[in-house]
Amino acid sequence: MKANHRQFFFEGTRTSFSPAGMILFITFFAYGALVSGSNLPLEVAIGLTIFVFAIPGQVVLVDEIARGSSLITAAIVTTFTAIRLLPLTVSMLPVVRNETTPKWMEVVICHFVAVTVWTQSMVVLPTLPREQRASHCLGFCCGLMVLVTIGTCLGFYAAHILPKNIAAATLMVTPIYFFLSLFNTAKVRVEQLAFAFGTIIAIPLIFMVPNFSLIGSGLIGGTLAYLIGRKVKKHD
């Protein structure tokens, strides 16, 4: 990594020690406690944090391992939780890359794409010169990895003194943060409509089809917003 890229990298690393990073730290602290409560070793907790780096997938995988599910079943279930990250990756890469970005850097950044990384990147990166974005983003991701790995270890060892209800509640910190961030970053009217429709539709779907409420509310809300936006645009 060239000298100027190293500078951008370390600037990105510093930005990981932000409210977003602290929220992620708390969530992974709860995850570490969950792994410990499932009677799995610390090595599993750290390994999943490094190689999965997405709380929903990690929680599902821990649950499958604790149940004694087969490797194929665990892999399939975890893959389904990761599908939601594909649109985030596709929308984020054009913002990150430039003509001089090495392919290996793009691949590594894609591994880190999750809720917090996507939200922060879509807000911060457009404000930076394009040649700085990839190195800054990679630094931010690596800084987060250090934070969440420490959080995982601390949560694992604190599991015996942390009430289970509190540990479970802290796992909700990241989804709440993501919800508020989406609301804050929705500037286009279609995005605001999709956000509103998805939120309203999610309420009945939680009771009707709880296993598909998140996907269903996003699909229906987004489709309605798109159709309305397209109709309004035609009239304009």
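The values are calculated or read from the model by the stated rules, or taken from the named source; none is laboratory data. Everything quoted here is computed from the prediction, not taken from an experiment. Note: ideal-geometry Cβ built from the backbone for every residue, glycine included; neighbour counts use all protein chains shown.
When ILE65 is tested against (1) under 17 Å from PHE112 (Cα atoms); (2) free of Cβ contacts under 8 Å to residues at least 60 places away in the same chain; (3) touching a helix residue (DSSP H, G or I) at 6+ places or on another chain (Cβ under 7 Å), exactly one condition is not met: (1).
Among the candidates THR73, THR27, THR49, THR79, single out the residue that is over 17 Å from the mean Cα position of the chain (by Cα) and part of a helix (DSSP H, G or I). Explain how you work it out, then say what you get.
Working: THR27 fails: over 17 Å from the mean Cα position of the chain (by Cα); THR49 fails: over 17 Å from the mean Cα position of the chain (by Cα); THR79 fails: over 17 Å from the mean Cα position of the chain (by Cα).
Answer to the selection: THR73.
Results for (1) of a type in the set (Gly, Ala, Ser); (2) closer than 22 Å to GLY218 by Cβ, shown as yes or no for each residue.
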site	(1), (2)
SER69	yes, no
THR78	no, yes
ARG84	no, yes
PRO94	no, yes
ALA134	yes, no
CYS137	no, no
THR152	no, no
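With respect to LEU24, is the statement that it is within 22 Å of HIS136 (Cβ to Cβ), assigned by TED's automatic domain parsing to the domain that holds PHE156 and not charged (D, E, K, R) true? Criteria met by LEU24. Counting only residues that are within 14 Å of VAL115 (Cβ to Cβ) and surrounded by 14 or more Cβ atoms within 10 Å (Cβ to Cβ), the range 68-96 holds 7 of them.
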